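Peer 1: Okay, handing you the structure first.
The values are calculated or read from the model by the stated rules, or taken from the named source; none is laboratory data. The model shown is predicted, which means the values in this text are computed figures rather than measured ones. Here Cβ is always computed from backbone atoms with ideal geometry, including for glycine, and neighbour counts include all displayed protein chains.
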Amino acid sequence: MHEFGLAVSMVDLAVEAARKEGAERIEAIHVEIGALAGVVPEALEFAFGGAREGTMAAHARLEVTYLPAIAYCATCQSEFELDNRFGIAVCPRCDTPSADLRQGREMHVSHLEVT
Amino acid sequence: MAGTALTRDVRVSGHGTVETPGARVVQVQKSLMRHNDAVAVANRAAFANCLVLNLVSSPGSGKTALLERTVRDLAGELRMAVVVGDLETDNDAVRIHAAGAPSVQIVTGTVCHLEAEMVARAVDQLDLDGLDVLVIENVGNLVCPASWDLGEDVRVTLLSVTEGEDKPLKYPRIFKDSHAIVINKVDIAQVVGFDRAQALANVHRVTPAAQVFELSARTGEGMAPWRAFLRERLATKRG
């Protein structure tokens, strides 16, 4: 999708948080990306390589955790993990389509490792 | 009730784990979309008294035609305005204006979607207090606009019968996040061999809660339920 913009936003968030903590260097940026966020891992890593240049994250690792998409079935009153990455949420128990997506759109910086 | 909840904590590295010797952890927990989302929140506050739609579709599905017809049909009843995004030209804004509604063209250049900030700047040129319905006609694209909240109340995805019944399956994210689906050009459905039942089944599979409107912006067929939807959503919003 828009990985370069996201990578820039990621570095901005990290630098802002690290400065506030009085850190000198960012060693790693940990991000969480939902399976339905539309983010391509390779594109994000490539964009990160450019976005970190000239910042205190210039040598930082990027640690990406992908969160599976989870929906809620009102009929079964239980959550299920989507078995596809397309966002089609059909309950595996009762075959009812669900409109209630509980996880999968996330795009956020969770924490940093700094020195 | 014996519902089950799947574990949310699936992090590979573990939360707060320090893998670099001598490093310390700084919690951040902030969204990469925070700037857009903050502007969207401000837009939503500015839109407190009018119903705002974010209308998305692929290029050529008939977004502008639907708006021209809607503006003409509701003239004298609802005060409408349109903000329209395109990569180039102000052709669509001119068409909307000719139909009788104030319109603001956003020329995005190479940007394939609208962002909350572009909308915030565009609505500065409109008298929001004098409006009942504001429609944001997004750039024709079924991929990128899905990720950007503009501050709208209702997201509407339009598809036309010429695009194939499997469009919702190919672009599920945008359909999934829509409150209403409009199927346009039903007047030529037969000519192009449109399988209505299959299309509706696909829409339902991807977005089971969305309301579906089948209409022709060209002939006016099926417009009444669509107009009723706008009235009803506006009434709900104004309480």
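Peer 1: So, of the residues in the stretch A:99-115 that are facing chain B (nearest Cβ under 7 Å) and assigned to a loop (DSSP other than H, G, I, E, B), which turns out to be modelled with the highest pLDDT?
Peer 2: So, considering only residues that are facing chain B (nearest Cβ under 7 Å) and assigned to a loop (DSSP other than H, G, I, E, B), the one modelled with the highest pLDDT is A:THR115.
Peer 1: Quick check on B:VAL203: is it on the phi < 0 side of the Ramachandran plot, free of Cβ contacts under 8 Å to residues at least 40 places away in the same chain and outside any helix (DSSP H, G or I)?
Peer 2: Details: on the phi < 0 side of the Ramachandran plot: yes; free of Cβ contacts under 8 Å to residues at least 40 places away in the same chain: yes; outside any helix (DSSP H, G or I): no.
Answer is no for this residue.
Peer 1: Restricting attention to the stretch B:150-164, report how many residues are modelled with pLDDT of 95 or more and assigned to a loop (DSSP other than H, G, I, E, B).
Peer 2: 4
Peer 1: Quick one: what pairs do we get from the stretch A:87-105, first residue free of Cβ contacts under 8 Å to residues at least 12 places away in the same chain, second among the aliphatic types (A, V, I, L, M) and buried (at least 18 other Cβ atoms within 10 Å of the Cβ), C-beta under 8 Å, 6+ apart or different chains?
Peer 2: Final answer for the pair search is A:ILE88/A:LEU82; A:ILE88/B:VAL206; A:PRO97/A:ILE88; A:PRO97/A:ALA89; A:PRO97/A:VAL90; A:PRO97/B:VAL206; A:ALA99/A:ALA89; A:ALA99/B:ALA210.
Peer 1: Can you tell me how many residues in the stretch A:74-95 are in contact with a Ser or Thr (Cβ under 9 Å, 6 or more places away or on another chain), more than 27 Å from B:VAL143 (Cβ to Cβ) and not in a strand (DSSP E or B)?
Peer 2: 6
Peer 1: List pairs: first in the stretch A:1-30 and more than 8 Å from chain B (Cβ to nearest Cβ), second surrounded by fewer than 21 Cβ atoms within 10 Å (Cβ to Cβ) and part of a helix (DSSP H, G or I), Cβ under 6 Å, 6+ apart or cross-chain?
Peer 2: Filtered contacts from the stretch A:1-30: A:GLU3/A:ALA43.
Peer 1: Among the basic types (Lys, Arg), out of contact with any Pro (no Cβ under 7 Å at 6 or more places or on another chain) and under 30 Å from B:VAL25 (Cβ atoms): is that true of A:ARG105 in this structure?
Peer 2: Values: among the basic types (Lys, Arg): yes; out of contact with any Pro (no Cβ under 7 Å at 6 or more places or on another chain): yes; under 30 Å from B:VAL25 (Cβ atoms): yes.
Yes, satisfied.
Peer 1: OK, next. Looking at B:PRO208 and the list (1) part of a helix (DSSP H, G or I); (2) free of Cβ contacts under 8 Å to residues at least 40 places away in the same chain; (3) within 11 Å of chain A (Cβ to nearest Cβ), which single condition is not satisfied?
Peer 2: (1) is the only condition that B:PRO208 fails.
Peer 1: In the stretch B:25-46, is there at least one residue being at pLDDT 95 or above, of a type outside the set (Asp, Glu) and in a loop (DSSP other than H, G, I, E, B)?
Peer 2: Checking the stretch B:25-46: not a single residue is at pLDDT 95 or above, of a type outside the set (Asp, Glu) and in a loop (DSSP other than H, G, I, E, B).
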